[in-house]
Amino acid sequence: MRLRCPLCGERDIREFSYTGAAVLAHRPAPDSGEAAWDDYVHLRENPAGETRDLWYHVSGCGAWLVVTRDTVSHAVHTVELAAQ
């Protein structure tokens, strides 16, 4: 798979680090209990279809990117700077 970094151009996926969903999970209150914190830390959605993910360009410009892609077809729809 290849990603088109808005700053560096098209690059191999090995230059990037996947960091999770671009939408933040709701952080439980400090006193929410062990089960709530276990869910927050370990359970993630695994949708089939379009997702918005946060990636870091480790071996390039160091930009944080939001990648919209399809987990079924592996098609990358958009790549944009996270600051935008």
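Here, each number is a calculation from the coordinates, and none is a lab measurement. All values reported here derive from a predicted model rather than from experimental measurement. Cβ sites come from the backbone with ideal geometry, for glycine too, and all protein chains shown count toward neighbours.
A Förster radius of 25 Å combined with the Cβ-Cβ distance from Met1 to Leu24 puts the calculated FRET efficiency at roughly 0.55. Projecting the Cα atoms of Trp37, Val72, Gly62 onto the charge dipole of the chain, computed from C-beta unit charges around the Cα centre, puts Gly62 farthest toward the positive end. Mean-square fluctuations from a GNM of the chain, with a 10 angstrom spring cutoff on Cα atoms, peak among Val23, Val58, Val72 at Val72. Annotation: cysteines of the chain without a disulfide-compatible partner (Cβ-Cβ under 4.7 angstrom) are Cys61.
Explain nothing, just the number: dipole magnitude of region 2-81 about its Cα centre with +1 on each Lys and Arg Cβ and -1 on each Asp and Glu Cβ, in debye rounded to the nearest 20.
On the way: 8 positive and 12 negative charges, 78 e Å.
That gives a dipole near 380 debye.
Of the trypsin sites (Lys or Arg not before Pro) found in region 14-84, those that fall in a DSSP loop while having at most 11 other beta-carbon atoms within 10 Å are Arg44. Summary value for region 2-81: 31 percent relative contact order, contacts being C-alpha pairs under 8 angstrom separated by 6+ residues. Springs join every pair of Cα atoms under 10 Å in this Gaussian network model of the chain, and among Ala22, Ala63, Ala48 the largest mean-square fluctuation is at Ala48.
For the chain, the alpha carbon positions stretch 45, 27, 23 Å along the principal axes, listed from largest to smallest.
Applying 1/(1 + (r/R0)^6) with R0 = 22 Å to the Cβ-Cβ distance of Ala48 and Cys8 gives a FRET efficiency near 0.15.
Which of these, Ser17, Ser59, Ser32, has the largest mean-square fluctuation under a Gaussian network model of the chain (Cα springs below 10 Å)? Comparing Ser17, Ser59, Ser32 in a Gaussian network model of the chain, the most mobile one is Ser32.
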